[in-house]
Amino acid sequence: MTPSPDPRRFGDRKKDRIDALAQTTGSAGSAGRPGVDSGAQGGAVLTVADAGRVAGGEGQSLIASAWRRLRRNPVFLTGAAITFIFVVLAIVGPWVAPHDPAAQPLLNQVRQQTNPVPGAQPGFPLGGDTVGRDLLSRLLVGGRQTLIVGVLATLGGLLGGLTLGTLAGALGGWVDALVMRIVDVMLSIPGLILAVSIAAIAASPSQTTVIVAIAVVQIPIFARLLRGSMLAQRASDHVLAARALGVKPHAIVFRHMLPNSLGPVIVQATLVLATAIIEAAGLSFLGLGNPDDRQPEWGQMLGQAQNLVSDYPHLAIYPALCIIVVALGFTLMGESLREALDPKSRR
Amino acid sequence: MLRFIVRRLIQMIGVVVVLSLLLFMWFKALPGGTVSAMLGERATPERRVQLEQALGLDQPLWVQYWSYIKRIATGQFGPSNGVLPGRDAFEVFLSRFPATIELATLAILLAVLIGIPLGYFAARRRDSWVDNLSVMGSLIGVAVPVFFLAFMLKHWFAVELQWLPVSGRQDPALDATRVTGFFVLDGILTQEWDAAWDAFRHLLLPAFALASIPFAVIFRITRASVLDVVEEDYVRTANAKGLTSRIIRGRHILRNALLPVVTTIGLQTGALLAGAVLTERVFSFTGIGQALAIAIELKDYPVLQVLIMAAAAVYVVVNLLVDITYAIIDPRIRTR
């Protein structure tokens, strides 16, 4: 236990030890059986030299061990496959679509009274919509706008929430009180209603108002989650240990508290990717979606189908199925990610 | 405990003040400003000038804010110009509010009564078929847009199978007596059992549709939280001490595992109110959600403002209750 003469190396070893400590305090259940843990990971083989070392410190990072388990997880693979197909579709959609989604090749068949929705026919396997556009092409192209809305809204919410939550949880005191009051006010207006207010100010709804509205709604949830778990950690043993060892406050926040708080935030982010897409559909349903439908979006297609849903349910069912499958994909992926990144479920 | 409640009440007042400030600014930021927002766009110039003076819009901002506070504190939000033209906006809210409370209460009850036991059960039998099936179900519950679910429920159970009514709150042919505005409660109070039963049947489909989101969230959080707690040392200790499984379940596992669930239920109030806007519209259920959907369509801003304020107030009160519950079950919170 004599300190190494090289100060940098000494610092590294201390860091390693704290990290290992942080992980074992985080995983109370597995602390008692380190050998079993590392054996089950299929990672480094335990040798005599490793005896007495704490599990989780074998030079295998949290990410690496998470990936090791994710690779074989069917739930994750299903979610990842759905997401992959969705992203590919969002990129190549316009090229694989048989028709231009904005063109109206079936317009001459639309009769307001007798035949508002052209049926399936050669070249148009799903038929057309109310203004004679090809439904299949619109579904294929629609993924792109849906992905853009989902990702931008989630990123906005995550960024805002991370900033507020970390500030509140790390600093505490009056910063915490102030941030939490702001968060409370934002939380106290239900998401959709907040979106309505924003749309009302914007005079005319657009894709941007949809994204902003959904992002703003997510900020307080991220912030509250992060702040809650950071507060719980401030009193926990691994933070106390780190402080006792003289780790600088910002290092405690960013290396010890934040990584351990990210679990629920990641679950939330994947849920938000899904809910952002669903909420965009909800806004369309209320007439607050993007009114410009030359570029199709699944939520918008679903929202616009509402008046015809009893006679022509397929107009709603196809875009709804797309949304459900994609939302499910994000959720499956996020759920398995959470389990993999959680040190408690390392086994 | 009392000090804790008083402190939370003071914080709540702070929230309401900030909220009123935001609403005040929102009303000013509306296209055409306060007057257009209150009278609609077709108002005559004389009416506009009249209202401008009545509201003191020529006064400095802080004076306007103060008179705004005085007006909303006494419930004078101005006349509705779309949902129920001519009636006071606050009156519109009062007449619609009980319906939504009824709907949301049944929905959250369904979500809690199914979600918590199922979450506990699934966690204790991890990777069993019950677990996998209910996890899958909760994931799908989150993924389905609530108004699409409402459409489909209505299509199958009301239109195709005709088990339950298609829309509305109660069959008008019953001519039920109105006491409180809560139709189920009215039926019970006046002992018109058929009316109560009919109102309940009208509630079922929208409540199930509305419950899908809180159910999925409550189930997931309960399951994850129970999985965490059963690994804790104190559960192992309790087992080692030889306590009965009933005591371990109630005192050690559930009591700790439900802490995050309680917070979640509070947070779900907002989602529930937002979901009510969508569900009520599908079922023509005349609650505040449907009024809000109409208010958006017809740009009835006074009604919109009351409803935003009301939604926020409900949320704040529910979360105050949640915080108090939280402090009762987790004494550590009180000292913070």
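What the Cα atoms of the stretch A:198-347 give is an Rg and a Dmax of 20.7, 70 Å.
Using only the Cα atoms of the stretch A:179-240, each taken as one equal point scatterer with no solvent, compute I(q) by the Debye sum, divide by I(0), and report log10 of the ratio at q = 0.14, 0.18, 0.20, 0.28 Å⁻¹. So the normalised log intensities are -0.50, -0.67, -0.76, -1.09.
Annotation: average projected area of chain B is 22.1 square nanometres, based on the convex hull of Cα atoms across all directions.
What value, in deg cm²/dmol to 500, does the helix sum -39500 (n - 2.57) over DSSP H runs of n ≥ 4 give at 222 nm once divided by the residues of chain B?
Values: 13 runs with 239 residues, N = 336.
The per-residue figure over chain B is -24000 deg cm²/dmol.
Note on chain B: GNM, Cα springs under 10 Å; of B:TYR65, B:TYR120, B:TYR301, the largest mean-square fluctuation is that of B:TYR65. Can you give the FRET efficiency to the nearest 0.05 for A:VAL131 and B:ASP194, using r as the Cβ-Cβ distance and R₀ = 45 Å? Result of the calculation: an efficiency of 0.45. Please work out the Cα center distance from the stretch B:60-127 to the stretch A:246-306, rounded to the nearest Å. Here the two parts' Cα centres lie 24 Å apart. In whole angstrom, the stretch B:179-258 maps to an equivalent ellipsoid with semi-axes of 42, 17, 8, each derived as √(5λ) from the alpha carbon gyration tensor and ordered largest first.
Over the stretch B:278-336, what number does the Rg to Rh ratio reach, with both radii from the alpha-carbon atoms and Rh per Kirkwood? Before the final figure, lay out each step's value.
Values: Rg = 16.8 Å, Rh = 13.6 Å.
Using Cα coordinates only, the ratio equals 1.24.
Residues whose amide H comes within less than 5 Å of that of B:LYS299, counting only those at least five positions distant or on another chain, are absent (H built at 1.01 Å from N in the peptide plane). Of the residues B:VAL229, B:VAL277, B:VAL316, the one that moves most in a GNM of chain B with alpha-carbon contacts below 10 Å is B:VAL229. Between B:LEU267, B:LEU30, B:LEU153, the GNM of chain B built on Cα springs shorter than 10 angstrom shows B:LEU30 fluctuating the most.
Every number in this text was worked out from the coordinates using simple rules, so none of it is lab data. Remember, it's a predicted structure, so these values are computed and weren't measured experimentally. Every residue, glycine as well, gets a Cβ built from its backbone with ideal geometry; the counts of neighbours run over all protein chains shown.
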